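Student: Right, I'll just put the structure down here and ask away after.
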Amino acid sequence: MSAEELSPALLGRLPSEVRKPGYDRATLKPGIAHIGVGAFHRCHQAEYTDDLLAKDFGHWGLVGINIRPPLLTDTLGRQDGLYTRLIRQNDELEARVVGSIVRVVDSQESAAPALEVLASPEIEMVTMTVTEKGYCHIPSSGALDLGHPDIVHDLSNPETPRSVPGILARALELRMLAQGRPVTLLSCDNIPSNGIILGNVVRAFAKRRGGKLADWIEANVAFPSAMVDRIAPATTEADIDTVERRFGYRDGAVVVGERFRQWVIENRFAGRVPRWDLVGATFVDDVTPFEHLKMRVLNGAQTTLSYLGVLGGFEHTFETIADPLLARFVSRMLTEETLPTLMPVPGVAPAAYVEQSLSRLTNTAIRHRNHQIATDGSQKIVQRLLNPIRDRLAKGESIALLSVPVAGWMAYLIKASTRFGRGWQVSDPFADKIAAIADRIGSDSKALADSILAIDAVFDPSLTANATFRAHVIAGLDGLLSNDPMGFVGQVCAGPTDARLKQPSRSA
């Protein structure tokens, strides 16, 4: 006999060890729309909102919208928005049912259901986790990618948009036509200055449309930046089975996260805002120091370990960092090369933050697959690796360690090509382009690096013109494509960080 499925009727009969919503969901009204209801949102913003509703109840229920797969109807929808959030910390397990999502909307086939929610007068805050590529921007510059197929479509068909910028612009247009109240659009994605990027792409789209929309947005819409942090790997069948086995009910929308969480939000809103600062979030005037710290240290470590981990034959992050060589490499990289690029962060000791970040990655219960972290690396390496590299080069300082994961990203995609035996499946907007380069060039590391560095949507030409940078990337690619990639990492890690290159710090 199968276990009963999670539902509002089941809440009162759940085991006492499962924490339940601390408020009356029946009276909860929507005030927030969230685009991209994946594991991270359910582990982070929805949980903060659940905490807020228990402490200071208000009209801040969430309407979850997916405009890309997966469908929500058969999981969250069947459970009336309820789901279980598991905290897993090595051998510890903690379960909580989160109730802040009051309704879910599938809008994959047509933008109409999403637009109806986003244009609704009851919605005063729109948040989103749509991944880096969802913004349809050029990673190296942050500008709207006018050549993106979805943007081309949306500019020609503005009432039936496909892209996030197009959908948001149309929703704001509908609000303008209805003389709607001001609204805050809050990005919760790992993009530096994500509020600026979001504002850029939405405003650029609106200006292309013409009319009064761009002026209305300027007067009625805020785009605060935010830094979000919690490790939340993809849910597995084992996680779903754990809930059924340990707690006696079935939940198809389980999410798993670590205990640590953080949310820093720029204090710049249009209209009313949920008081997430009452339940652990921080409102600040400038998010930049916090986002640089997190992206360059924690995310930089994750990206580095994902590529080197796959190349070294490791499946998960915790297994990768358990390898003494890779643990030593990433620790040296962060301490010697990344930390000096950071601006001071109020209340944070940088060296302690590095230690804490690396410790989080050793959590054996968080089975974060290297291939999952490696997804869409072309959208991530600019802020995690290339920007600190640029800062180092400007001061004539070593990039011997930081350049290795850049070459690692290249090697990861190259080894997925036909020419290199299709070692694994990859997901990256530039995967096909790099596979074609590899198939054409073969194993000439310099020619491979030169062709990939010419992709200016990823690599700013002023950076690729730097002879030191090019030399390190070519050497790194040569070592990582060799028969002994970990031997190469060991050589880099063995002594003075620039021992392998006698290249002056100058621009070509």
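Student: Which of the residues that make up the stretch 282-297 are in contact with a strand residue (DSSP E or B) (Cβ under 8 Å, 6 or more places away or on another chain) and farther than 11 Å from Asp229 by Cβ?
Tutor: Matches in the stretch 282-297: Thr282, Phe283, Val284, Asp285, Asp286, Val287.
Student: Quick check, is Gly142 assigned by TED's automatic domain parsing to the domain that holds Phe269 and at pLDDT 95 or above? Let's see the steps before the verdict.
Tutor: Values: assigned by TED's automatic domain parsing to the domain that holds Phe269: yes; at pLDDT 95 or above: no.
Against the criterion (assigned by TED's automatic domain parsing to the domain that holds Phe269 and at pLDDT 95 or above), Gly142 does not qualify.
Student: On the given criteria, is Ala465 among the small types (Gly, Ala, Ser), out of contact with any strand residue (DSSP E or B) (no Cβ under 8 Å at 6 or more places or on another chain) and assigned by TED's automatic domain parsing to the domain that holds Ser306?
Tutor: Values: among the small types (Gly, Ala, Ser): yes; out of contact with any strand residue (DSSP E or B) (no Cβ under 8 Å at 6 or more places or on another chain): no; assigned by TED's automatic domain parsing to the domain that holds Ser306: yes.
Taking the combined requirement at face value, the residue does not satisfy it.
Student: I've got another one for you. Scan the stretch 324-347 and give yes if some residue there is surrounded by 22 or more Cβ atoms within 10 Å (Cβ to Cβ) and without any contact (Cβ under 8 Å) to a residue 60 or more places away in the chain, otherwise no. Can you show your working first?
Tutor: Narrowing the stretch 324-347 to residues surrounded by 22 or more Cβ atoms within 10 Å (Cβ to Cβ): 326, 329-330, 333-334, 337-338.
From what's left, without any contact (Cβ under 8 Å) to a residue 60 or more places away in the chain: 330, 334.
Yes, some residue in the stretch 324-347 is surrounded by 22 or more Cβ atoms within 10 Å (Cβ to Cβ) and without any contact (Cβ under 8 Å) to a residue 60 or more places away in the chain.
Student: A further question follows. I need the full set of residues from the stretch 279-294 which are polar (S, T, N, Q) and touching a Ser or Thr at 6+ places or on another chain (Cβ under 8 Å), in order please. So that I can check it myself, show each step before the final result.
Tutor: Residues of the stretch 279-294 that are polar (S, T, N, Q), as a first pass: 282, 288.
Correct list: Thr288 only.
Student: Condition test on Glu132, is it among the acidic types (Asp, Glu) and either in contact (Cβ under 8 Å) with a residue 40 or more places away in the chain or crowded, with 20+ Cβ neighbours inside 10 Å (or both)? Walk me through it before giving the result.
Tutor: On the way: among the acidic types (Asp, Glu): yes; either in contact (Cβ under 8 Å) with a residue 40 or more places away in the chain or crowded, with 20+ Cβ neighbours inside 10 Å (or both): yes.
The answer is yes for Glu132.
Student: Look at the stretch 368-419 and say how many of its residues are of a type outside the set (Val, Ile, Thr), in a loop (DSSP other than H, G, I, E, B) and either more than 17 Å from Gly476 (Cα to Cα) or under 19 Å from the mean Cα position of the chain (by Cα) (or both).
Tutor: Looking only at the stretch 368-419, we keep the residues that are of a type outside the set (Val, Ile, Thr), and these are 368-372, 374, 376-380, 383-388, 390-398, 400-403, 405, 407-413, 415-417, 419.
Restricting the remaining residues to those that are in a loop (DSSP other than H, G, I, E, B) gives 368, 376, 380, 395-398, 400-402, 415-417, 419.
Add one more test, that the residue is either more than 17 Å from Gly476 (Cα to Cα) or under 19 Å from the mean Cα position of the chain (by Cα) (or both), and what stays is 368, 376, 380, 395-397, 416-417, 419.
So the count comes out to 9.
Student: Condition test on Gly300, is it within 16 Å of Gly408 (Cα to Cα), touching a residue at least 60 places away in the same chain (Cβ under 8 Å) and surrounded by 22 or more Cβ atoms within 10 Å (Cβ to Cβ)? Show your work before the answer.
Tutor: Working: within 16 Å of Gly408 (Cα to Cα): yes; touching a residue at least 60 places away in the same chain (Cβ under 8 Å): yes; surrounded by 22 or more Cβ atoms within 10 Å (Cβ to Cβ): yes.
Against the criterion (within 16 Å of Gly408 (Cα to Cα), touching a residue at least 60 places away in the same chain (Cβ under 8 Å) and surrounded by 22 or more Cβ atoms within 10 Å (Cβ to Cβ)), Gly300 qualifies.
Student: Among the numbered criteria (1) part of a loop (DSSP other than H, G, I, E, B); (2) in contact (Cβ under 8 Å) with a residue 12 or more places away in the chain; (3) assigned by TED's automatic domain parsing to the domain that holds Gln356, which one does Gly313 miss?
Tutor: (2)
Student: Do any strands (runs of 3 or more DSSP E) lying entirely in the stretch 69-123 carry at least 3 residues that are among the hydrophobic types (A, V, I, L, M, F, W, C) and more than 22 Å from the chain's Cα centre (by Cα), and which ones are they?
Tutor: Details: elements: 83-89, 92-98, 101-106.
Strands (runs of 3 or more DSSP E) meeting the threshold: 92-98.
Student: Looking at (1) at pLDDT 95 or above; (2) at negative phi; (3) not in a helix (DSSP H, G or I), which is the only condition Asp439 fails?
Tutor: With (1) at pLDDT 95 or above; (2) at negative phi; (3) not in a helix (DSSP H, G or I) applied to Asp439, the lone miss is (3).
Student: Count, please, the residues in the stretch 1-47 that happen to be polar (S, T, N, Q), touching a residue at least 60 places away in the same chain (Cβ under 8 Å) and part of a loop (DSSP other than H, G, I, E, B).
Tutor: 2
Student: Run down Trp409, Trp424 and say which single residue is buried (at least 22 other Cβ atoms within 10 Å of the Cβ) and not basic (Lys, Arg). Step through it out loud before you land on a result.
Tutor: Numbers: Trp424 fails: buried (at least 22 other Cβ atoms within 10 Å of the Cβ).
Residue meeting the stated conditions: Trp409.
Student: Where the second residue is part of a helix (DSSP H, G or I) and among the polar types (S, T, N, Q) and the first is under 17 Å from Gly257 (Cα atoms) and lies in the stretch 217-238, which pairs have Cβ atoms under 6 Å and are six or more apart or on separate chains?
Tutor: Going by the 6 Å Cβ cut-off, the qualifying pairs are Ala234/Gln372.
Student: I need the full set of residues from the stretch 193-210 which are touching a Ser or Thr at 6+ places or on another chain (Cβ under 8 Å) and either part of a loop (DSSP other than H, G, I, E, B) or surrounded by fewer than 20 Cβ atoms within 10 Å (Cβ to Cβ) (or both), in order please. First the steps, then the outcome.
Tutor: Let us first name the residues in the stretch 193-210 that are touching a Ser or Thr at 6+ places or on another chain (Cβ under 8 Å), namely 193-198.
Ser193, Ile196, listed by residue number.
Student: Can you tell me which residue in the stretch 324-353 is modelled with the highest pLDDT, limited to those that are assigned to a loop (DSSP other than H, G, I, E, B) and touching a Leu at 6+ places or on another chain (Cβ under 9 Å)?
Tutor: Checked the stretch 324-353; the qualifying residue modelled with the highest pLDDT is Leu342.
Student: Restricting attention to the stretch 213-242, which residues are surrounded by fewer than 16 Cβ atoms within 10 Å (Cβ to Cβ) and more than 17 Å from the chain's Cα centre (by Cα)? Steps first, answer last, please.
Tutor: Initial filter on the stretch 213-242 (surrounded by fewer than 16 Cβ atoms within 10 Å (Cβ to Cβ)): 215, 218-219, 234, 236-238, 241.
Within the stretch 213-242, Asp215, Glu218, Ala219, Thr236, Glu237, Ala238, Asp241 meet the criteria.
Student: Let me ask you something else. Counting just the residues of the stretch 54-112 that are of a type in the set (Asp, Glu) and in contact with a helix residue (DSSP H, G or I) (Cβ under 8 Å, 6 or more places away or on another chain), which one comes out nearest to Asp241 (Cα to Cα)?
Tutor: We begin by selecting, within the stretch 54-112, every residue of a type in the set (Asp, Glu); these are 56, 74, 80, 91-92, 94, 106, 109.
From what's left, in contact with a helix residue (DSSP H, G or I) (Cβ under 8 Å, 6 or more places away or on another chain): 56, 80, 106.
Numbers: Asp56: 34, Asp80: 20, Asp106: 26 Å.
Here the residue is Asp80.
Student: Just one of the numbered conditions (1) of a type in the set (Gly, Ala, Ser); (2) under 27 Å from Phe318 (Cα atoms); (3) out of contact with any helix residue (DSSP H, G or I) (no Cβ under 9 Å at 6 or more places or on another chain) is not true of Ser357; which one?
Tutor: Going through (1) of a type in the set (Gly, Ala, Ser); (2) under 27 Å from Phe318 (Cα atoms); (3) out of contact with any helix residue (DSSP H, G or I) (no Cβ under 9 Å at 6 or more places or on another chain) one by one, Ser357 breaks only (3).
Student: Between Asp391, Asp432, Asp428, Asp376, which is modelled with pLDDT of 95 or more and closer than 18 Å to Thr464 by Cα? So that I can check it myself, show each step before the final result.
Tutor: Working: Asp432 fails: closer than 18 Å to Thr464 by Cα; Asp428 fails: closer than 18 Å to Thr464 by Cα; Asp376 fails: closer than 18 Å to Thr464 by Cα.
Result: Asp391 is the single residue among Asp391, Asp432, Asp428, Asp376 that is modelled with pLDDT of 95 or more and closer than 18 Å to Thr464 by Cα.
The values are calculated or read from the model by the stated rules, or taken from the named source; none is laboratory data. Bear in mind the structure is a predicted one, so any value in this text is a computation, not a measurement. Heads up, the Cβs are rebuilt from the backbone with ideal geometry, glycines too, and the neighbour counts pull from every protein chain shown.
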